[in-house]
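Only one structure is covered here, and it is reproduced in the block below.
Values quoted throughout were computed directly from the atomic coordinates according to the rules given, and no laboratory measurement underlies them. Only a predicted model underlies this, so the values are computations on that prediction, with no experimental measurement involved. Here Cβ is always computed from backbone atoms with ideal geometry, including for glycine, and neighbour counts include all displayed protein chains.
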Amino acid sequence: MITKLMKGLGVLAIAFLMQTQLFAMCDKCESAEKPCNTCASQEKASCEKCKTAGKTCETCKAKMEASATEESMEMSTDSASKELAPKCASCKAEGAPCTKCKVKMLGMKSEKMSGKKACCAKKVVKCKKMKKMHKKSYIKMRNRVEFVDGTSSGSAATTRFVLGGSHYIKDVGVKLVAEAMNVVLSVNDSDGNSLIADTESSRFTKLYVQKSFGDVNVIFGDRPINLGNQRFVGSVNWRQMPQTFGALSAETDINENAHVYGAVLFKRNGVTQATTKEYNTGSLLLNGTYKVSDSLNLEAYGYLIEDTHNTLGIKGKGSVSIGMENPVSYEVEVAVQADPSITTDAYSGDVSTKYYRVEAESKLKSVSFGLGFESFGDKDSGTTGFSTPLATLHKFNGWSDVMASRAATGDANGFSDLFVSVGLNDVIGMPSLSYHVFNSVTNDIEYGSEIDFSVSKKVSDRLTLSAKAAIFSAGDASPLSDTNKFWIMASSSF
């Protein structure tokens, strides 16, 4: 048994050395008139010993047998890859497509490939994993019960059904993607004023074509768009019907450290019909990231929203070691807003305001904790305060969404959010707790405070159970009201 095992390992080693193509006949082989151990693993099946004897020696026979299976598997795909893969400088130097170009041929992004997909990219083998990348379909379902107790009370039980799929047409290098969602409202005990945004609706949330032109990836159609931390542009996937955009976008890696993205929006499909809008001229999104070092990553952006405002900002984030058990991750961000460059005859506003955010997080053993401060500027000399209408609003400023409208449309007095958070990573359900304090930037208004709690448990690969709670307490002179919200949710995928 050991002898057979060693022989099998030897054959595999020979096959591996064949693929590396690093060895050739040396002076030692020629003087001994037979292949040495090194050259016995070379790519050519005929050595000097074979030529002298007039027949194939046992060493070369073993090598040929070991490579036969692999050659048959790669024969068809090797020719296809050489024909279809982009020819970069590395390809020309090596005389064959490099790994990066093979990845592009398969329609994959190298930076997002998992280990399972990488096997297909490196060897270009027609395996089951490759077939899944070319054609994929899925079904998902999310059940949720939501309770609200505030100025008005209500509850709702909703189910989100998702059916989607994608297909990669290798001959033309085009990927087709479609996804449809249907939200069913089975229980509705609400007067319509209780901050339950989920209603019955159906539409395509993904319907686009994707194609790469060299290093540039282009997408046209409807889909979710998430930029950065979603503070300015996000899909609001927490809601049963997410926010999507009709857009033409392009992105590329300038080098291994720099990435740029640009998109023209011609439609916004909001969470509700009230936030859905078709742009007459279009809105422009520009975003770029650059890795300065392991401890600093920069992000710069410009979002020109039709009839709303221009937003220009920069963010730095990374992690630093300050003598603690684990490094401290941080984010520092500043932005300004001014009158929009893209307008229609309907626009009559005046915008001149600013924004900043600082946040730090770390971990001590199994406990993670964070501290941050965010400020939305007041109207200053304009007509409205700083706003983020396209953001994933539920992710920020408390889960009760009491402050969401002020972030979406702007607050004349501005507002700030001082928050702390703690999470237990090794406890079942990974419970997390956060606390927010909201105040105005001008006129000293105490808007209130909020406590948020969540727990989530992945029961299996296909089922996740979770629960959340948000308790907002209004300040003494606050124009807002006490609001409590609770959610129970089950998510499944097939």
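Listed values, structure above:
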read-out	value
Ranked Trp399, Trp487, Trp238, criterion: other C-beta atoms within 10 Å, fewest first	Trp487, Trp238, Trp399
Estimated distance in nm for a label pair at Asp171 and Ser155, the labels positioned 7 Å out from Cα along Cα-to-Cβ	5.7
Coil-residue GluC sites (Glu not before Pro) of the range 276-377, DSSP, other Cβ within 10 Å capped at 11	Glu325
Residue order, fewest to most surrounding Cβ atoms within 10 angstrom, among Asp452, Asp444	Asp444, Asp452
Fully extended contour minus Cα-Cα distance, from Thr276 to Ser473, at 0.36 nm per residue	67.8 nm
Thr252 paired with Val427, simple spin-label distance in nm, labels 7 Å along Cα-to-beta-carbon	5.0
Dipole in debye (nearest 20) - the range 144-493, about Cα centre, beta carbon charges: Lys, Arg +1; Asp, Glu -1	1200
Residues Leu304, Leu390 arranged by fewest to most Cβ contacts within 10 Å	Leu304, Leu390
The range 296-370: trypsin sites (Lys or Arg not before Pro) falling in loop per DSSP and having at most 13 other Cβ within 10 Å	Lys365
Spin-label model distance (nm) - Ser137 vs Ile322, 7 Å beyond Cα toward Cβ	5.3
Thr344/Phe453 FRET efficiency (R0 51 Å; Cβ-Cβ; nearest 0.05)	0.70
